[in-house]
1. How much net charge surrounds residue 66 when only other residues with a Cβ under 11 Å from its Cβ are counted (Lys, Arg +1; Asp, Glu -1)?
2. Can you list residues whose amide H is under 5 Å from residue 111's amide H, if they're 5+ apart or on another chain and H is modeled 1.01 Å from N?
3. How large is the charge dipole for the chain, taken about the Cα centre, if only the Cβ atoms of Lys, Arg (+1) and Asp, Glu (-1) carry charge, to the nearest 20 debye?
4. Just want to confirm a number: the relative contact order over segment 4-399, from Cα pairs under 8 angstrom separated by 6+ residues, in percent.
5. Suppose the chain between residue 186 and residue 257 were pulled fully straight at 0.36 nm per residue; how much longer would it get relative to their current alpha carbon spacing?
6. Please check: in the Gaussian network model of the chain (C-alpha springs, under 10 Å), which one of 355, 95, 116 has the largest mean-square fluctuation.
7. Assuming R0 = 30 Å, can you tell me the calculated FRET efficiency for the pair residue 161 and residue 345, based on Cβ-Cβ distance, to the nearest 0.05?
8. In debye, nearest 20: dipole of segment 7-131 around its Cα centre with unit charges on the Cβ of K, R (+) and D, E (-)?
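Read-outs: derived from the displayed coordinates by stated rules, not from any lab. This one's a predicted model, so the numbers in the text were calculated from it and none came from an experiment. Neighbour counts are summed over all protein chains in view; Cβ atoms, including those assigned to glycine, are modelled from backbone coordinates with ideal geometry.
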Amino acid sequence: MNRFKIDIGEPSVVAQGKNTGWGNYQFPEICFTKSGSVYVNWAMRPDDVEAYAGKTYGEAVSDDLGKTWREPTEDDVLTWGIPLKSGKLFKGFQRQYAFAADYIKNYTPLAIHRGRKYHYLEDIKEYKSTQEGVMRDPETGAESLFPIDLKWKNLSLIEYADGRLLPTAYMMAVCGAAPRILRLSDGLYFATYHWSFDINAKSREDIVGSYLDYSVFVFRSTDEARTWECISKITPDGDVHRTDDGYEGFCEPQLELMADGSVAVLMRSGSPRGPHDTKRYPSYIAHSTDNCRTWSKPEVFDEIGVLPQITRLGCGVTLATYGRPVIYLKATDDPSGREWAEHIEIELSPSSHDRSCCYTRLLPIDDHSALLVYSDFNYPDPSGEPKKSILVRKITVTLNN
């Protein structure tokens, strides 16, 4: 095991700007263009569900695998999406947005948790729930919407403290180059979602669990992403549950098909509340050997881990990145993904405040390497002034003889 070595390249600056609060110059995404260039985008908005509408991101393109960057042009057609039999790309589920509605005052919530009220959607007569998928033309990049049948019992609606409403299905939205969708074969796709209520509960009394922790739910499609059925869930037990403010349950799941044919899922369980919070919230890993129908008991993957990423390279080595308050990289050549080498810390600029949002993305560029994109809140600009920055590093795997 671990018959390889990892080389982490120097950071390449994609973009820099002033630190204008949580959200801007954060949450990067990465993918290829049709011509083989590398595309990166990042948030230019507050981290709030209301702020996602419209173009709220910056973007850049590299023609030399991340060494230099330029502004995109209309010729840079993106390859976001999962290939379908039709030749089109399934980009994911259309995002839905928070909205104001006075009628919600007439309803009693199902539960109240951390200042949010949760309603049973079927009770809200004024609201009509729709779910659509996003199809992308790989030649032109043109996108179109199509209806999706989401087999989701017990769908709920969130009411925020200011009265805005948000359907829980919005989190099925896949707005990025590393979607939570796994393609096992032509016509067989899996998507993940995390939520506090039991999607498949037999009665309303069973919807609300003991803790309102997040659980991970796995959906399967066998008809070109038009129908999605929930086939399994991964729920925290009493050994995982905590009462700390930063604990959330299993969330931000990422699936990967391992070399032995099993599926691994990495999951977040919480996040420190600010740079001076010394509590740590582990990432967890679970495995399925029957196409996501059942899962092994989740085990601690590492001591931290928001938005964990996992990707298998052609050489047989699988990489994982995750973090907060720092960023870690792990690797394994175990075909099942059950044994991993010790983590490597990705260097961030020093600061007594937040150093990064620690949301990372990985893009394999050949059988032995991948690009890692992340934020660094204090990386120096050419004059030496610390700036909020989007950076890319090349991760290279060398197999030992």
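1. Details: positive: 67, 393, 394; negative: 10, 63, 64.
My count for the surroundings of residue 66 gives 0.
2. 118
3. Working: 46 positive and 57 negative charges, 106 e Å.
Rounded to the nearest 20 debye, it is 500 debye.
4. Details: 1003 pairs, mean separation 62.6, N = 396.
In percent, rounded to a whole number, it is 16.
5. Working: separation 71, 0.36 × 71 = 25.56 nm, distance 1.42 nm.
Result: 24.1 nm gained on full extension.
6. Largest GNM mean-square fluctuation: 116.
7. Details: r = 38 Å, r/R0 = 1.25.
Efficiency at R0 = 30 Å is approximately 0.20.
8. On the way: 16 positive and 17 negative charges, 117 e Å.
So the dipole magnitude of segment 7-131 works out to roughly 560 debye.
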